[in-house]
Every structure is written in structure tokens, then in C-alpha cells.
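The values are calculated or read from the model by the stated rules, or taken from the named source; none is laboratory data. Remember, predicted model here, so these are calculated numbers, not experimental data. A quick note on method: Cβ atoms are made from the backbone with ideal geometry, for glycine too, and the neighbour counts reach across all protein chains shown.
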Amino acid sequence: MPRFHCPQPLTIGAVIDLPPPVAHHLLVLRAAPGSHVTLFNGAGGEYTATLTALDKKRASAEIKTFSPREAELPYAVKLVQGLPEAAKMDWIVEKAVELGVAAIQPLAAQRSVVRLSAERAQRKLAHWQAIVVAAAEQSGRNRLAHLAEPLPFADWAAQRDLHQRVLLSPRAERSLADWARHHPPQPLSLAVGPEGGFSADEEERAAANGVLLLSVGARVLRTETAGLAALAALNALWGEM
């Protein structure tokens, strides 16, 4: 059954107009009135609905049932991603949502090739938000990962979060896997550098602010691989996979 995000109030028995992107997708799928779809608005749970109208101008559906089903991790993980070049961030956002992150924080690091102006940052955020929605629809999640505005590395390092912050570094003496084996599942911020990784100065600044430096093994992984490998490892070690 196709799944779609509908950012509006959903109530059993209501007949609602579906957002234009959803209507277009249904036309591509060659759906017809009477077809069943699953809808979610990000507030939790999902709804089964029946299409009541579908054409090039309008699509509507009657909401039939509600399920409280969730597919969220039992611990919240925020991926703090150093901005990479080109379309790598698209891939990272998509796969991070599939792996269950609760939030994504783009990070302007010293070695980030991409430098976003305020206007360009807003366009990128809108683009990445669409990827968050599509990945949630595909992966069966009923809540959207929070996508934050890009933040300078120094600002992130100076934050005082209540949960553990981890920075992945090939120079770290302890691995993320070893640390996770000796700690219970818990909220976590996981920082991944851009191409070339974090600089020594950034790592020192992070450590001075209480950030834990850990590695992902003996091999140096690309920026588009490191965070996803770390997320998969946490999911396996903490019992979600």
C-alpha cells in the first residue's frame, strides 16, 4: 500500500484533499478512486484511507482507520554532518533517515568545500527536507527527522547538550563499537567530518568541550560512508537490527 506524508490534521471519517505532490504521485502510480493508501502527518501513527477522487486537478481521500504503529529507534540519534561536496549530502540524508536518525545537523567545518550563503542554504534545506519526507515514506517511518539549519563547527562544539556527543576521528584511540558495547542505549549526537575529515584544531576544540572522540575502525571511510556505517553499528550493537 503506498505511503504518503500529509502535513495536516488527520481524523477518522474525514474526507481530505491530498497535497499536490501526493496527487501527482498517485497519478503516476495509476491509482484510481477506491484505491487504498496509508497517510501520516508526523505526529505519530498512521492512517488507512480510501481515494474518493483523483484527476489532474484534485485528489481526495476518506480516512478509515488509525494505527499507532511506530518505527522509531528507542534512542534518539542526531547526525551532525560536515557539509560535503556535490550531491553527497542528498545520499547521506536519505540513508540516515532510513537508518532511523531523529535529527540531522549540517555542519560548516574547516575542510568543507561547500560554503552556503543564506539564500542558498534555504534552497538546500528545502531540497533536503523533501528527501527526508520521501525517505520516511519509503522506510515506513511515521515521524520526520528534524532538519536543522547549517551551523558553524565552533558553535556546535560550544553547545552543552544533555546527551553524549561523539566525534568520529581516525586518530581516536577507542572505537565507537567498543564504547557502545560498554554503554546502554542512549541519546547521542554523532559528528562526521567532510572530505578530509575534521582538522586537528577542530578535534582539540571538541574534546575541550566534552565531545568524545571515537573511531569507526582501522580503515579511513569516506564522509558519505562513515556516518552511515556508525549508525548501522549502533543499531546492531544496541539491539535495533
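Looking at the structure I just gave you, is residue 171 surrounded by fewer than 18 Cβ atoms within 10 Å (Cβ to Cβ), modelled with pLDDT of 95 or more and not assigned by TED's automatic domain parsing to the domain that holds residue 46?
Spelling it out, it is not the case that residue 171 is surrounded by fewer than 18 Cβ atoms within 10 Å (Cβ to Cβ), modelled with pLDDT of 95 or more and not assigned by TED's automatic domain parsing to the domain that holds residue 46.
List pairs: first in region 192-211 and under 19 Å from residue 164 (Cβ atoms), second basic (Lys, Arg), Cβ under 6 Å, 6+ apart or cross-chain?
Note: pairs meeting the criteria are 211/165.
So if I check each of 190, 167, 221, 214, which one is within 22 Å of residue 106 (Cβ to Cβ) and in a loop (DSSP other than H, G, I, E, B)?
Sole residue among the options that is within 22 Å of residue 106 (Cβ to Cβ) and in a loop (DSSP other than H, G, I, E, B): 221.
Which of the following residues is in a loop (DSSP other than H, G, I, E, B), of a type in the set (A, V, I, L, M), assigned by TED's automatic domain parsing to the domain that holds residue 208 and within 9 Å of the chain's Cα centre (by Cα): 144, 116?
144
May I ask you to verify whether residue 195 is surrounded by fewer than 19 Cβ atoms within 10 Å (Cβ to Cβ) and in a loop (DSSP other than H, G, I, E, B)?
Yes; evaluated as a whole, the condition is true for this residue.
Out of 62, 46, 72, I need the residue that is of a type in the set (Asp, Glu) and buried (at least 19 other Cβ atoms within 10 Å of the Cβ). Which one?
Going through 62, 46, 72 in turn, just one is of a type in the set (Asp, Glu) and buried (at least 19 other Cβ atoms within 10 Å of the Cβ): 46.
Restricting attention to region 30-81, which residues are of a type in the set (Lys, Arg) and in a loop (DSSP other than H, G, I, E, B)?
30, 56, 57, 58, 69 - these are the residues of region 30-81 that are of a type in the set (Lys, Arg) and in a loop (DSSP other than H, G, I, E, B).
Whether any residue in region 93-102 is over 30 Å from residue 166 (Cα atoms), touching a residue at least 24 places away in the same chain (Cβ under 8 Å) and in a loop (DSSP other than H, G, I, E, B) is what I want to check.
no
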